[in-house]
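Step one of this worksheet: look at the structure below.
Every read-out reported here was derived from the displayed coordinates using simple, explicitly stated rules and does not represent laboratory data. Note that this is a predicted model, so its numbers are computed, not measured. So basically every Cβ, Gly included, is an ideal-geometry build from the backbone, and we count neighbours across all protein chains shown.
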Amino acid sequence: MVNLIIFGPPGAGKGTQSVRIAQKYQLKHISTGEILREEVRIESKCGRVAKVYMDEGKLVPDEVLINILRRVIDENRYVNGFIFDGFPRTLVQAEELDKMLHHEDLSISLVLSLIVDHEELIERLYKRALQEGRADDKARVIHQRLETYNKMTAPLLDYFEAQGKLATVPGIGTIDDIFQSLYSNIDKLYH
Ligand code: AMP
């Protein structure tokens, strides 16, 4: 079973790429951002907690995310594998994910890290704000989310590197070019 993490700052294109990868390799796409937005929409207990953090561009507490992940892994016992998008975002989450998978005799096969420079990210996030009207794509929150990524999430690259699981892929160029670079890394896992 192949389990992937797609990693990168907000605006790197994780969502777009994950959907295509999930389709091509028949993996279950888990986007914690999407799950949380749905919880907020239905005003569940965890959605009400999450909203406060999401509106500020901050990370929702690890405990909330770990509970969600536990539920999702449990509900998808018979899939070919997972592609995790937007998770893990802290060291605690990364360690918990490893433990949860280990418990099922599974592990992360590869972490695909999309590299996009800061100016390009800002431009993309502003554009998305206009197109999709996501509540957290407002100017102040965009900057906060990038800062949160740099402070809390980017250090995870060292954790993945130490595990020998990190593949870095340029996140610029045409969408198809980026897919090709991602595929060439993933294909190696199947040979
Ligand atoms: P995303 O769509 O992945 O950019 O996520 C949108 C927002 O959901 C983030 O800015 C966080 O507030 C929250 N979120 C999503 N995934 C996580 C996570 N793994 N840990 C903490 N907060 C998260």
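How high is the FRET efficiency between Val19 and Asn150 when r is their beta carbon distance and R₀ equals 22 Å, given to the nearest 0.05?
The value I calculate is 0.30.
Pull out a ≥ b ≥ c, the square roots of the eigenvalues of the alpha-carbon gyration tensor of segment 88-191, then state rounded if a/c is under 1.5, prolate if not and a/b is larger than b/c, and oblate in the remaining case. List each step's numbers first, then the result.
Values: a/c = 2.23, a/b = 1.39, b/c = 1.60.
Oblate shape, in that a/c is at least 1.5 and b/c is the bigger or equal ratio.
Any idea how far apart Asn67 and Glu119 come out in nm if each label point goes 7 Å out from Cα toward Cβ?
Here the modelled spin labels are 4.4 nm apart.
Among rounded, prolate and oblate, which fits the chain when a ≥ b ≥ c are the square roots of the eigenvalues of its C-alpha gyration tensor, a/c under 1.5 means rounded, and a/b larger than b/c means prolate?
Oblate, because a/c is 1.5 or more while a/b does not exceed b/c.
For a quick check: with amide H placed at 1.01 Å from N, whose amide H comes under 5 Å from Thr168's, ignoring anything fewer than 5 positions away on the same chain?
Amide H neighbours of Thr168, under 5 Å, 5+ apart: Ser113.
Please list, by residue number, everything in segment 68-93 whose backbone N is under 13 Å from a paramagnetic label point 7 Å out along Cα→Cβ of His103.
Inside the label zone: 68-75.
Calculate one ³J(HN,Hα) per residue across segment 9-15 by plugging θ = phi - 60° into the Karplus curve 6.51 cos²θ - 1.76 cosθ + 1.60, and present them in order as whole Hz with x for glycine and proline.
Each residue of segment 9-15 in turn: x, x, x, 6, x, 4, x Hz.
In the chain, how many lysine pairs have Cα atoms under 14 Å apart, counting only pairs 8 or more places apart or on different chains?
4
Charges only on Cβ, +1 for Lys and Arg, -1 for Asp and Glu: so what's the dipole of the chain about the Cα centre, in debye to the nearest 20? Write out the running numbers ahead of the final one.
Working: 25 positive and 29 negative charges, 82 e Å.
Using only the charged Cβ atoms, the result is roughly 400 debye.
I want to check the label-to-label distance for Val92 and Arg77. Put each point 7 Å from Cα in the C-beta direction and report it in nm to one decimal.
Between Val92 and Arg77, the simple spin-label model gives 2.9 nm.
Between Lys58 and Leu189, how many nm apart are label points set 7 Å from Cα along the C-beta direction?
3.4 nm
Can you run phi through the Karplus equation (6.51, -1.76, 1.60; θ = phi - 60°) for segment 66-82 and list ³J(HN,Hα) in whole Hz, with x for Gly and Pro?
With coefficients 6.51, -1.76 and 1.60, one gets 5, 4, 4, 4, 4, 5, 5, 5, 5, 6, 10, 5, 10, 8, 6, x, 10 Hz.
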